[in-house]
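> There's a structure below that I have some questions on.
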Amino acid sequence: MTTLRKSMMIGLLAVGLGAGTAGAWADMGEGGFGHGRHGHGGARMHSPEQMKQAFEKRQQQLHDKLKLDARQETAWKTYVDTIRPAAPATRPSREELAKLPAPDRLQKRMEFLQEHEKRLALRIAATREFYAVLTPEQKKVFDAGFAHGPRGGRDRERGHHGPHGEKS
């Protein structure tokens, strides 16, 4: 390739990347980093009661699919009680955070993440204990529920974005 062609290719690549980046910045709107057009990162807001009902429904469906025997029921109850979501962690208000200097805001975020990590470690331990009492067939059923993350791939069924961002 000649030097002129290389320069043109690099220039076109730079223009293309710049246009894509500009679109991403425009999509952020007033919400700031990671908040999308609607100001909440694209996540749907659900009430704590709706989330509790959805959790109970998912657990009942999994319970029914696993066809647990009497010996496994105790382990199931312990597992569900351990992983049942507690009250959502309280985050400081935006106004409160805005008053803090950047290092203190980062510290607050790290504390929040550390609390999340502790809850996740408990969930992992409870899952391992319950998983140990399952038969190989039940493990396959259980694993299938986690194949696409905590929601089992239901977003894909509703036409949301798949693993590579494409519409399903």
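The values are calculated or read from the model by the stated rules, or taken from the named source; none is laboratory data. Keep in mind the model is a prediction, meaning the values are calculated, not measured. Cβ coordinates were reconstructed from backbone atoms using ideal geometry, including for glycine residues, and neighbour counts include every protein chain displayed.
> Looking for whichever is farther than 23 Å from Gln50 by Cα, modelled with pLDDT of 95 or more and either over 19 Å from the mean Cα position of the chain (by Cα) or not charged (D, E, K, R) (or both) here; the options are Arg94, Arg105, Arg128. Which one fits?
Sole residue among the options that is farther than 23 Å from Gln50 by Cα, modelled with pLDDT of 95 or more and either over 19 Å from the mean Cα position of the chain (by Cα) or not charged (D, E, K, R) (or both): Arg128.
> Sticking with this one: Among the numbered conditions (1) at pLDDT below 90; (2) in contact with a helix residue (DSSP H, G or I) (Cβ under 7 Å, 6 or more places away or on another chain); (3) more than 23 Å from Glu115 (Cβ to Cβ), tell me where Gly42 comes up short.
(2)
Quick grid of which residues meet (1) assigned to a helix (DSSP H, G or I); (2) in contact with a helix residue (DSSP H, G or I) (Cβ under 8 Å, 6 or more places away or on another chain):
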residue: Ala87; (1), (2): no, yes
residue: Leu97; (1), (2): yes, yes
residue: Phe112; (1), (2): yes, no
residue: Arg128; (1), (2): yes, no
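> Could you grab the pairs with beta carbons closer than 7 Å, sequence gap of 6+ or different chains, first residue in segment 104-121 and in contact (Cβ under 8 Å) with a residue 12 or more places away in the chain, second one surrounded by 11 or more Cβ atoms within 10 Å (Cβ to Cβ) and in a helix (DSSP H, G or I)?
Listed by first residue and then by second, the contacts come to Lys108/Leu97.
> At pLDDT below 90, touching a Lys or Arg at 6+ places or on another chain (Cβ under 6 Å) and in a helix (DSSP H, G or I), is that true of Gly18?
no
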